[in-house]
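Following: one structure in C-alpha cells, then a few remarks.
The values are calculated or read from the model by the stated rules, or taken from the named source; none is laboratory data. No experiment lies behind these values; they were computed from the predicted model shown. Here Cβ is always computed from backbone atoms with ideal geometry, including for glycine, and neighbour counts include all displayed protein chains.
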Amino acid sequence: MTIEIEIWSDIACPWCYLGKRRLEKAVEASGEDVSLRYRSFQLDPSIPAGEATPHAEALAKKFATTPERVREMNQRLIDLGAEEGIAYDFDRYLSSNTRDAHRLLHLAHERGLGPAMKERLMRAQFVDGAVVADHDTLVGLAAELGLAEDEVRAVLSSDAYADAVEADIAQAAAYGASGVPFFVFDRAFAISGAQPVSTFELALSKAREAREAAV
C-alpha cells in the first residue's frame, strides 16, 4: 500500500531542503512505502536569466534590509540544518532563476530519478555554491546520476517541460499554497512548511489509515 506524496518546493528555498530531510526521516522511521513526486514552484521567477547574485545581497534587496541582517537570520537555518545533516553554506549560495532546473527535474522524473535529482540540485545550491541556472552545471549534475548529456542539453536548449512547470505552479495555487514547502498526501490532505519529523510521522499514519479504511 504505497502512500503518494507530492512535494511543491523550490531549489532555491532553504526551508524546502530542511522539510525534505525531515520528511525523509519520518518515512524511514515509519517504515511506510511511499512514492515521492517533486513538483515545481518558483519563489522568484522574475530573476533574469543568466543572473547570479550572492544570497545575502539578493535577500537584502528583496526585503529592504542589510546583508548583515540576512546573515544573522541565516544562522538559525544553519543550526537547524546541522541537526538534519545539511551543511548550509550561505556564503557560497548564489541566487538565480530556477526554471530550467525545474524543467530538468521533470525529465529526471520520467527517467525514474526525480528524488535523486532533487537532492543533487539542492546540495549544489546550498552546499556547493553552484549556479543552478547554468546549463553546463545542470548537465554535469544530471550526468552524475546517469542522465545522458545530449538529452539534457537538448531539453535545456528548448522549452521542453515548461508546460509541466507551469502546470505544477498552477496546481499549487489551486490548492491555496502561497509558499513552500507544501506536501500533499494521496491528494487528500496537505502539510505546509518544514514541520517537525513527528508531524510528518502523524501525516503518514493518517494517510495509511485512510487507505486501509478505503479498502
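Okay, residues lined up against (1) surrounded by fewer than 22 Cβ atoms within 10 Å (Cβ to Cβ); (2) in a helix (DSSP H, G or I):
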residue	(1), (2)
Asp91	yes, no
His102	no, yes
His109	yes, yes
Pro115	yes, yes
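The set of residues from segment 50-81 being not in a helix (DSSP H, G or I) and not β-branched (Val, Ile, Thr) comprises Gly50, Glu51, Ala52, Pro54, Phe63, Ala64.
Screening Arg103, Arg120, Arg99 for residues that are basic (Lys, Arg), modelled with pLDDT of 95 or more and in contact with a Leu (Cβ under 6 Å, 6 or more places away or on another chain) leaves exactly one candidate, Arg120.
Somewhere in segment 59-81, is a residue of a type in the set (A, V, I, L, M), under 19 Å from the mean Cα position of the chain (by Cα) and at pLDDT below 95? So far as segment 59-81 goes, yes, one or more of its residues are of a type in the set (A, V, I, L, M), under 19 Å from the mean Cα position of the chain (by Cα) and at pLDDT below 95.
Here's the yes/no breakdown for (1) at positive phi; (2) of a type in the set (Val, Ile, Thr); (3) without any contact (Cβ under 8 Å) to a residue 40 or more places away in the chain:
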| position | (1), (2), (3) |
| --- | --- |
| Ser157 | no, no, yes |
| Val165 | no, yes, no |
| Ile169 | no, yes, no |
| Ala173 | no, no, yes |
| Ser178 | no, no, yes |
| Asp186 | yes, no, no |
| Ser192 | no, no, yes |
| Leu204 | no, no, no |
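Kindly check whether there is at least one residue in segment 16-38 that is surrounded by fewer than 17 Cβ atoms within 10 Å (Cβ to Cβ), in a helix (DSSP H, G or I) and without any contact (Cβ under 8 Å) to a residue 24 or more places away in the chain. So far as segment 16-38 goes, yes, one or more of its residues are surrounded by fewer than 17 Cβ atoms within 10 Å (Cβ to Cβ), in a helix (DSSP H, G or I) and without any contact (Cβ under 8 Å) to a residue 24 or more places away in the chain.
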